[in-house]
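See below for the structure under consideration.
The values are calculated or read from the model by the stated rules, or taken from the named source; none is laboratory data. Quantities reported herein were computed from a predicted structural model and do not represent experimental measurements. Here the Cβ positions follow ideal geometry from the backbone for every residue, glycine too, while neighbour counts run over all protein chains shown.
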Amino acid sequence: MVLLAGGLGTRLREETEYRPKPMVEVGGRPILWHIMKNFAHFGLNEFVVCTGYKGEVIKEYFLHYEARMNDFTIHLGPQSFIEYRDDHEEANWIVTVADTGATTMTGGRVKRIERHVDGPFIVTYGDGLADVDIDALLEFHRSHGRLATVTTVRPLSRFGVMDIGPDGVVEQFREKPQGDGNVNAGFFVFEPQVFDYLTPDCVLEEEPLERLAADKQLVAYRHDGFWQPMDTYRESTMLNEMWDRGDAPWKVW
C-alpha cells in the first residue's frame, strides 16, 4: 500500500497551516489513519507513506504511536525503559515513512519509493475516504491482466439542479445529483512495470496514465459506493459530522 501524503493542501488552509492534510482529523484520528484502517480490514497491513509538506508531523505520529494508543509505565534511571500496558488493533502494521520531497509531484513520489515495493501494489491519495471493496478491486485487476487499474466514480454535483418546463415552472429539484462522467478516485493497482512509465518529476495523472492508456495497459474499476475527498474545510466538517452521528460508510472495520 502506497499512500500519497505530501501535498500542500492549500484549499484547506484552516487545517493545514501546521500539519499536512492527511493528518487533519476525522473523529479525533488523522484521515490517514482511517484510510489505513480500511485497507487493514482487507488484510493489507504494509504501508509506504510518501511524505513531503510538513512530513515531520507524520514521522512523529508513527514514532510515538505506541505511547499515543496505549497506557504505559516508564521506568526512569540510567537504564530507563517503557512498558506498554495495552494492545491496539494496529499491532501488526508495518509502516515505512518515506520523505519524497516537499514539492515533488504525485508520479515522482511513487517513483521515489520504488525500492520499498516488491510486486504489485496499490496507490491512493491520503486525503479521501471511500468504501471501495479492495478484494473486488484486486480481483478485477488480476482478471484483466493489464499493468494498471484506476478506480473511477461518478461524483455528486456541487450544486442542486432544477428541471424546468417550457412554461417556466420548476418540474423537479434534484439536490446534488451524480454527474455524467467518471473521475479518478485513486485506489490504483499497479504492476511493478509501471515504474518504467514514471520519472522523478512526473505527475501521475498526466503523462504516465496517458501513456498507459495509449498502450492499452490501463483499465477502470467502477466504484458505485461512497467516495469523498477532503479538499475544503466544509468537506472536513461534513466528514466529522458523519463520523459523530455514526453514519460513516468508509468505516468497514
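Assorted remarks:
- If the condition is being modelled with pLDDT of 95 or more, farther than 18 Å from VAL132 by Cβ and either out of contact with any helix residue (DSSP H, G or I) (no Cβ under 8 Å at 6 or more places or on another chain) or among the β-branched types (Val, Ile, Thr) (or both), then segment 180-206 contributes GLU191, PRO192, GLN193, VAL194, ASP196, THR199, VAL203.
- Across segment 213-253, the qualifying residues are those that are basic (Lys, Arg) and surrounded by fewer than 15 Cβ atoms within 10 Å (Cβ to Cβ), and the one among them that is farthest from the chain's Cα centre (by Cα) is LYS216.
- The numbered conditions (1) crowded, with 19+ Cβ neighbours inside 10 Å; (2) more than 19 Å from LEU32 (Cα to Cα) are all true for ASP71 except (1).
- Residues in segment 207-234 that are modelled with pLDDT under 95 and either part of a helix (DSSP H, G or I) or of a type in the set (Ser, Thr, Tyr) (or both): THR232, TYR233, ARG234.
- Of the residues TYR53, TYR61, the single one that is in a loop (DSSP other than H, G, I, E, B), touching a residue at least 24 places away in the same chain (Cβ under 8 Å) and hydroxyl-bearing (Ser, Thr, Tyr) is TYR53.
- Selected residue (only one of GLU25, GLU90, GLU14 is more than 26 Å from TRP253 (Cβ to Cβ) and not polar (S, T, N, Q)): GLU14
- Annotation note: Cβ proximity below 7 Å between a residue of segment 128-151 that is over 14 Å from ASN38 (Cβ atoms) and a residue that is modelled with pLDDT under 95 and among the small types (Gly, Ala, Ser) (sequence gap 6+ or interchain) occurs for no pair.
- Any hit, segment 29-39, residues being more than 15 Å from GLY126 (Cβ to Cβ) and without any contact (Cβ under 8 Å) to a residue 12 or more places away in the chain: no
- Qualifying positions in segment 128-159 - in contact with a Lys or Arg (Cβ under 6 Å, 6 or more places away or on another chain) and modelled with pLDDT under 95: LEU156, SER157
- Selection from segment 89-110 of residues that are charged (D, E, K, R), within 26 Å of THR199 (Cα to Cα) and either surrounded by fewer than 21 Cβ atoms within 10 Å (Cβ to Cβ) or more than 17 Å from the chain's Cα centre (by Cα) (or both): ASP99
- Any hit, segment 66-76, residues being hydrophobic (A, V, I, L, M, F, W, C), under 26 Å from ILE134 (Cα atoms) and in contact with an Asp or Glu (Cβ under 7 Å, 6 or more places away or on another chain): no
- Screening the candidates LEU44, LEU12 for the property of being among the hydrophobic types (A, V, I, L, M, F, W, C), surrounded by fewer than 21 Cβ atoms within 10 Å (Cβ to Cβ) and in a loop (DSSP other than H, G, I, E, B) yields one hit, LEU44.
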